[in-house]
Amino acid sequence: MVFTLFVFFLTLSILVFAHELGHFLAARRFGVKAEEFGIGFPPRIVGVYRDKNGKRKVVWGGKKVQDADDTIFSLNLIPLGGFVKIKGEDGDSLDPDSFASKKPYQRAVILLAGVTMNLVLAFLLISWGYMIGVSPTFSKEDAKGIIIVEVLPNSPAEQAGIKPYDIIKKVGETQVLSYEDLERAQGQWVDKPVVYTIKRQDEIKQIEVTPRLMSDTQKAGIGVLIQEIETIKYPWYLAFWEGLKTTLFRTWIIITELVKFFGGLLAGSGLGASLAGPVGIASLSGKAARMGLSYLINFTSVLSINLAILNALPFPALDGGKLLFLIIEKIKGTPVKREIEAVIHQAGFALLMLLVVVITWREVHGAERFMQLINIIKR
């Protein structure tokens, strides 16, 4: 549980930090003052800034800073990514260095910079994965083994002491590199004990198990859910190109799945089984990390793309919703009243929080398996 929560907070923090960093860099590029850039969410623990005389100062706690000439860089208590407070983002300031004073296209770039940074992060993660050797979710090339994802209750595997995330290397003297290898090897030992060579983290273990004919498949098995391990590796100068192609492909796949999801909602089919909330994402993060770095890289890249696409949706409170108001302003020639826009964004935020609560309640009352997200990407 502790490991799962640690991986979840770390993954989410990286994604949110990258998103907010995009807004921060774009704001600075167009001369918009970022009043505060925080690591983590308030309450503030400590902040560093430069005052109007150019002197470095430190502020402790949530004390309001009156003499800051530049951005307050803060460390905050809640370890979930970060935030950037941009001057005039709510339209309350028309100073030359405020967000509201900038041209519509400049504000649009600042709004979309977070989405862009999440896509860039996904590209870098995927490229890094290809450099070190990644277990892809799109290919069946270069299989290197079988990893156990889940051990079924009261199965021969559970009784023998086999655990999730064990890697099957051999059955008897037969090397196992693929599903077919495992199926053939187990077929020779139905109802007969055989030694499985298992890799558990950095240890090699010899475990005797008796395969049996499984009622659901009518094939020999030991009662486990498995995933084929695959490794694809490129030299660095090809890894970036392959990373770009994979990022674009995954983005397209996720967009099409999102369109299907909204189509299903309109058709009255409900939220769908593959939609994950905080509990589901935390569980998936921990499982991906236990399966290996390459799985965690893949999973985090998919999350980053998801965050980018969801934030780009024209829904109130999201970056895409704020962009929609900019488009309306461009068409009308005048902005929507600040009070009206604020109420709409607040209502949108409340609906999003309600959706999170509903999804979390559903997850607590019926957890989903790790491979659901992977299966969506494989289609």
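Throughout, read-outs are computed from the coordinates displayed, never taken from laboratory work. From a predicted model like this one, the values you see are computed outputs, not experimental measurements. A quick note on method: Cβ atoms are made from the backbone with ideal geometry, for glycine too, and the neighbour counts reach across all protein chains shown.
Before moving on, here are some points about what is shown:
- Listed by Cβ neighbour count within 10 Å, with the fewest neighbours leading, Asp95, Asp216 appear as Asp216, Asp95.
- Those lysines that a straight Cα-Cα span of less than 23 Å connects to Lys322, excepting residues fewer than 8 apart in one chain: Lys33, Lys85, Lys87, Lys102, Lys103, Lys330, Lys332, Lys337
- Whether segment 143-230 is rounded, prolate or oblate, judged on the alpha carbon gyration tensor where a/c under 1.5 counts as rounded: rounded
- When shorter helices are ignored and each DSSP H run of at least 4 residues is given -39500 (n - 2.57), the per-residue value for the chain at 222 nm works out to -16500 deg cm²/dmol.
- Ranked His23, His345, criterion: other C-beta atoms within 10 Å, fewest first: His345, His23
- Chain lengthening between Leu225 and Gln188 when straightened (0.36 nm per residue, less Cα-Cα): 11.3 nm
- Going from the residue with the fewest nearby Cβ atoms within 10 Å to the one with the most, Lys233, Lys33 rank Lys233, Lys33.
- Relative to one another, the C-alpha centroids of segment 62-84 and segment 290-325 are positioned 24 Å apart.
- Gain on full stretching of the segment that runs from Leu326 to Ala342 - 0.36 nm per residue minus C-alpha separation: 4.4 nm
- Cα gyration tensor, segment 2-115 - rounded (a/c under 1.5), prolate or oblate: oblate
- 20 Å cut-off, amide nitrogen to a point 7 angstrom out along Asp51 Cα→Cβ, residues in segment 17-38: 35-37
- The C-alpha radius of gyration of the chain, expressed as a fraction of 2.2 N^0.38 Å, stands at 1.20.
- Choice from Met131, Met214, Met117 with maximal GNM fluctuation in the chain (Cα, 10 Å cutoff): Met214
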